[in-house]
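First up is the structure itself, then whatever we jot down about it.
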Amino acid sequence: MRLRALHDWTLTTAEARDLQLKLAPKINTKTPLKPWRTVAAADVSYNKFDPWLYAAVVVMKADTFELIERVGVVREATFPYVPGLLTFREAPAVLEAFAQLKTTPDVILCDGQGIAHPRRIGLASHLGLWLNVPTIGCAKSRYIGEYDEPGPERGARSPLVDDGEVIGAVLRSRAKVQPLFVSAGHRIDLEGAISVVLDCAVKYRIPVPAAAAHGFVNELRRAAVEGKPLPV
DNA sequence: GCGACAG
DNA sequence: ATCTTGTCGC
């Protein structure tokens with residue numbers, strides 16, 4: 001798919017934060033979700049103390065979760081993991097995978113926060129600007145914000161609030177599992193983000209496409225470590 | 001100064 | 001993020 005190069009990725013941590021402040025006003029979290037036929041998910045894996053990143057994106061049909069396409073990328077990390085700057089570590093590899101995609105998905109699930117971020121521009125939001133496709137932040141744990149524990153039933157949710165602002169939702173994707181932290185990425189509103197996550201979490205806590213992307217990046221990583229040919 | 005801190 | 005078997009609870 002086509003993507004727009006908005007800026008360089010070789011930055012210092014101070015420059016990265018400045019860039020986030022500059023880009024944050026461009027994030028759109030008011031657009032209602034339109035009917036979606038395909039859904040993509042992106043993920044990254046790596047070994048601690050190793051510079052290699054294994055990134056992938058999978059695209060599936062929204063109704064059956066039939067795999068339409070998937071792309072894997074192996075790339076050297078150029079940025080450390082710094083809370084608040086996860087984007088600068090993972091996005092370059094993820095975007096490379098998206099660039100190789102033949103199709104353009106209707107909506108994208110990202111492993112991390114959307115606007116539930118100190119500067120309101122987490123990984124999902126930032127990727128949305130580059131991809132110009134609705135993106136959703138679907139994190140497995142809290143980064144910022146306060147909330148009350150949602151009820152134990154599937155679909156139960158409670159607002160995630162920071163500085164008096166609702167920045168996302170704490171969502172129980174399946175009965176009695178640990179909740180997911182869902183926030184709008186870009187070009188989608190919170191309700192739309194929640195409905196996609198819920199529609200995709202049909203068997204386990206993690207949405208089907210996200211689980212597939214996670215499984216794929218781990219396959220890539222293990223194959224690479226054993227010197228085997230990388231799965232395509 | 002202390003504690004928190006997506007992946 | 002990753003290293004890992006069994007074990008507790010529904």
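The values are calculated or read from the model by the stated rules, or taken from the named source; none is laboratory data. If you're wondering where the values come from, they're calculated on a predicted model, not measured in any experiment. Using ideal geometry, Cβ is built from the backbone for each residue, glycine included, and neighbour counts are taken over all protein chains shown. Calculation scope for accessible area: heavy atoms of the full protein, side chains included, ligands and nucleic acids excluded. Shrake-Rupley method; radii C 1.70, N 1.55, O 1.52, S 1.80 Å.
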- Message: I need every pair where a residue in the stretch A:71-86 that is closer than 16 Å to A:Leu11 by Cβ and open to solvent by 60 Å² or more (accessible area, probe 1.4 Å) has its Cβ under 8 Å from the Cβ of a residue that is polar (S, T, N, Q) and assigned to a loop (DSSP other than H, G, I, E, B), sequence separation at least 6 or different chains.
- Response: A:Thr78/A:Thr10
- Test: A:Gly215 is within 16 Å of the chain's Cα centre (by Cα), without any contact (Cβ under 8 Å) to a residue 12 or more places away in the chain and within 16 Å of A:Ala41 (Cα to Cα): yes
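With A:Gly192, A:Gly185 as the choices, which residue is in contact (Cβ under 8 Å) with a residue 12 or more places away in the chain, buried (at least 17 other Cβ atoms within 10 Å of the Cβ) and in a strand (DSSP E or B)? Spell out how you get there, then give the answer.
Working: A:Gly192 fails: in a strand (DSSP E or B).
Answer to the check: A:Gly185.
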- Message: Considering only residues that are surrounded by fewer than 24 Cβ atoms within 10 Å (Cβ to Cβ), over 9 Å from the mean Cα position of the chain (by Cα) and not in a loop (DSSP other than H, G, I, E, B), which ones fall in the stretch A:99-140?
- Response: A:Ala99, A:Leu129, A:Trp130
- Among the numbered conditions (1) within 24 Å of A:Glu226 (Cα to Cα); (2) within 14 Å of DNA strand B (Cβ to nearest atom); (3) not aromatic (Phe, Trp, Tyr), tell me where A:Arg75 comes up short. (2)
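Across the stretch A:184-232, which residue is farthest from DNA strand C (Cβ to nearest atom) among those that are of a type in the set (Gly, Ala, Ser) and in contact with a helix residue (DSSP H, G or I) (Cβ under 7 Å, 6 or more places away or on another chain)?
Filtering the stretch A:184-232 for residues of a type in the set (Gly, Ala, Ser) gives A:184-185, A:192-193, A:195, A:201, A:210-213, A:215, A:223-224, A:227.
Now drop any that are not in contact with a helix residue (DSSP H, G or I) (Cβ under 7 Å, 6 or more places away or on another chain), which leaves A:184-185.
On the way: A:Ala184: 20, A:Gly185: 17 Å.
Ranking the candidates gives A:Ala184 first.
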